[in-house]
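Have a look at the structure below, then the notes.
The values are calculated or read from the model by the stated rules, or taken from the named source; none is laboratory data. All figures in this text were calculated on a predicted structure; none of them were measured in a lab. Here the Cβ is made from the backbone with ideal geometry for all residues, glycine too, and neighbour counts use every protein chain on show. Calculation scope for accessible area: heavy atoms of the full protein, side chains included, ligands and nucleic acids excluded. Shrake-Rupley method; radii C 1.70, N 1.55, O 1.52, S 1.80 Å.
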Amino acid sequence: MITKNYYKSIFKATSFFGLLEVLKIFLKIFTNWFASKLFGVQGVGLIGLIENTVQLLTSLTGLGIAFTGVREIASNYQKNEKQFQKAIKIVNYFSLFSGVVAAVISVVFSYYLSVLTFDNANKYWWFIILAIYFICNNLVQSKTIFLEATQNLNKLIKINIALSFLNTTTTIFCFYFFGINGIVISMVSISVINFLVFAFTVKQKFSSSIAISSSEIKTEFIKLIKSGAYISINTVIGLLFFFILRLFFKNESNGEFILGYFHVGTMFLTTYLGLVFIAMNKFFYPKLAQLSDDETGMQQFSNQQFQINTIIITPAILFVFAFGKDLLQLLFSKDFIVVYSILVLGLLSNIFKGFNYTAGFYLLSKNNFKQFFLINLISEFLNISLTIFLFKLIGLYGIGLAVSLNYLLCACYQYYYTKSKYNFKITFANQVYFLFSVLATLVLMILYFYIDFIYFKYISLLLFIVFSILGLIKLDQFIFNNKIKNFFKN
């Protein structure tokens with residue numbers, strides 16, 4: 001049973017990884033801006049196409065090693081040294097193996113991949129040299145998995161910050177000197193640089209007595225493939241359903257505009273507001289996997305993570321209610337203010353997402369990849385069905401409402417399943433705060449349609465201030481040892 005208070009660690013990880021993602025987003029925006037000036041809209045489109053194809057191939061061949069690998073290493077960390085070192089070796093071998101498989105597919109099917117991606121075979125050689133990218137990228141992934149599983153997050157953050165600037169500089173250099181071919185040259189160059197940096201900075205020491213037979217490797221590979229296949233299939237289904245939605249919007253009246261609004265709305269809900277959930281991959285899941293044999297510890301830790309999620313995300317949502325239109329105009333243009341119609345009914349989804357992520361990682365740490373797969377499959381089916389139906393019914397508002405309903409239904413099912421299967425419970429304090437967050441969001445969703453926007457904005461701002469103060473009080477209690485409270489008292 002754990003007695004340690006993890007609030008400080010959770011908040012620290014959330015803050016640092018959130019800021020790291022903000023840095024990456026700004027550097028990505030700058031890179032895209034540079035590419036648009038150099039190559040035009042068509043060139044930026046090529047970047048998106050090649051990145052999507054590479055992501056799909058990586059997901060298919062990786063077989064969820066980013067999740068299964070973290071669990072294998074973390075569950076043995078500081079428990080069984082022999083199994084711990086064996087787990088590291090197995091993950092390294094599997095990462096190399098999946099990288100080689102991706103490389104072979106990229107080379108052998110380079111002609112067809114070029115036709116599939118660009119509608120012609122002219123860029124077949126791009127996929128041939130991308131073989132280097134797949135191998136280096138997977139070797140880097142094995143090092144990242146090791147750092148996450150052993151919770152060496154300081155080193156991981158420092159390396160990522162340095163590489164973010166180095167990779168941006170490399171990309172711009174390749175774009176400028178190699179033109180359109182610099183897209184793929186930069187990807188390969190960055191993968192090699194990343195590999196060299198991780199190889200020299202992340203050392204894994206193995207005992208000479210730790211040996212793994214070929215039969216053990218085969219057995220462990222089969223186990224990883226069985227578990228990881230669910231993650232891989234989830235990724236493919238998600239990409240497929242997203243592609244279907246894009247086709248649906250494209251064929252609607254003013255389809256190109258609607259597709260743009262859908263893209264920006266999704267980006268706002270998942271990327272910008274989703275920054276708070278980034279740290280859950282890096283800190284919460286590996287730490288939860290380490291506690292997989294301690295039911296009480298897992299529940300305590302999960303409740304702490306869920307509480308921090310709700311405390312941080314609620315004011316962020318209320319802020320977007322108040323200033324969403326201004327943010328859309330600032331980040332994109334005034335033409336995208338209409339996307340606020342998606343946000344006003346979709347922001348609620350992020351409150352439920354906080355629980356869904358907590359419960360989802362709880363399942364993964366219990367090695368219940370099958371149930372995780374089923375829940376995600378249901379979620380993807382609900383998402384596409386509700387989005388199409390509600391868009392037809394109420395237009396852009398329907399897209400946002402579909403997202404919120406999807407996360408609500410999945411949260412209800414996940415709570416029922418984790419409670420009945422693992423006796424997972426949300427503390428009363430968490431239930432109360434979560435309920436008030438949901439009610440505040442629902443009130444704003446309703447008021448938007450009945451009062452002038454200027455009054456709606458004032459009410460949103462007032463609620464933002466109230467929940468920010470409540471959140472600060474909670475953080476002061478959990479993290480700062482009432483220092484803020486004592487300061488005002490003095």
query = Can you find even one residue in the stretch 365-384 that is outside any helix (DSSP H, G or I) and either more than 22 Å from the chain's Cα centre (by Cα) or of a type in the set (Lys, Arg) (or both)?
reply = yes
note = Per the list (1) in contact with a Cys (Cβ under 7 Å, 6 or more places away or on another chain); (2) open to solvent by 60 Å² or more (accessible area, probe 1.4 Å); (3) of a type outside the set (Gly, Ala, Ser), residue check on Asn356 breaks on (2)
message = Can you tell me which condition Cys410 does not meet? The list is (1) surrounded by 19 or more Cβ atoms within 10 Å (Cβ to Cβ); (2) over 29 Å from Lys287 (Cβ atoms), and all the others hold.
response = (2)
query = Across the stretch 98-113, which residue is nearest to Gln290 (Cα to Cα) among those that are buried (at least 17 other Cβ atoms within 10 Å of the Cβ) and modelled with pLDDT of 85 or more?
reply = Ser98
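So is Leu386 within 30 Å of Gly228 (Cβ to Cβ), without any contact (Cβ under 8 Å) to a residue 40 or more places away in the chain and hydrophobic (A, V, I, L, M, F, W, C) or not? It would help to see each step written out before you state the result.
Working: within 30 Å of Gly228 (Cβ to Cβ): yes; without any contact (Cβ under 8 Å) to a residue 40 or more places away in the chain: yes; hydrophobic (A, V, I, L, M, F, W, C): yes.
Here the answer is yes, as Leu386 does meet what is asked.
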remark   = From the option list Leu275, Leu330, Leu288, Leu318, single residue qualifying as in a helix (DSSP H, G or I), under 23 Å from Asn423 (Cα atoms) and out of contact with any Cys (no Cβ under 9 Å at 6 or more places or on another chain) is Leu288
remark   = Conditions (1) farther than 30 Å from Asn383 by Cα; (2) open to solvent by less than 30 Å² (accessible area, probe 1.4 Å); (3) at pLDDT below 85 -> Ser227 fails only (1)
query = Scanning the stretch 190-214 for residues that are of a type outside the set (A, V, I, L, M), at pLDDT 75 or above and open to solvent by 70 Å² or more (accessible area, probe 1.4 Å), which turns out farthest from the chain's Cα centre (by Cα)?
reply = Ser214
inquiry  = Suppose we filter Thr219, Thr171 for residues that are among the β-branched types (Val, Ile, Thr) and in contact (Cβ under 8 Å) with a residue 60 or more places away in the chain; which single one remains?
reply    = Thr171
request  = Looking for whichever is more than 26 Å from Ile225 (Cβ to Cβ) and either part of a helix (DSSP H, G or I) or not aliphatic (A, V, I, L, M) (or both) here; the options are Phe177, Phe84, Phe97. Which one fits?
outcome  = Phe177
inquiry  = Consider the stretch 149-202. How many of its residues are among the hydrophobic types (A, V, I, L, M, F, W, C) and under 19 Å from Val70 (Cβ atoms)?
reply    = 7
note = Looking across the stretch 230-265 at residues that are free of Cβ contacts under 8 Å to residues at least 60 places away in the same chain and small (Gly, Ala, Ser), the single one that is least open to solvent (accessible area, probe 1.4 Å) is Gly255
request  = Just give me the residues in the stretch 148-162 being part of a helix (DSSP H, G or I), touching a residue at least 24 places away in the same chain (Cβ under 8 Å) and either within 10 Å of Phe16 (Cβ to Cβ) or open to solvent by 10 Å² or more (accessible area, probe 1.4 Å) (or both), in sequence order.
outcome  = Glu148, Leu153, Lys155, Leu156, Ile157, Ile159, Asn160, Ile161, Ala162
query = Ile426 is checked against (1) of a type in the set (Val, Ile, Thr); (2) more than 29 Å from Leu259 (Cα to Cα); (3) in a helix (DSSP H, G or I); (4) open to solvent by less than 40 Å² (accessible area, probe 1.4 Å) and fails just one. What number does that condition carry?
reply = (3)
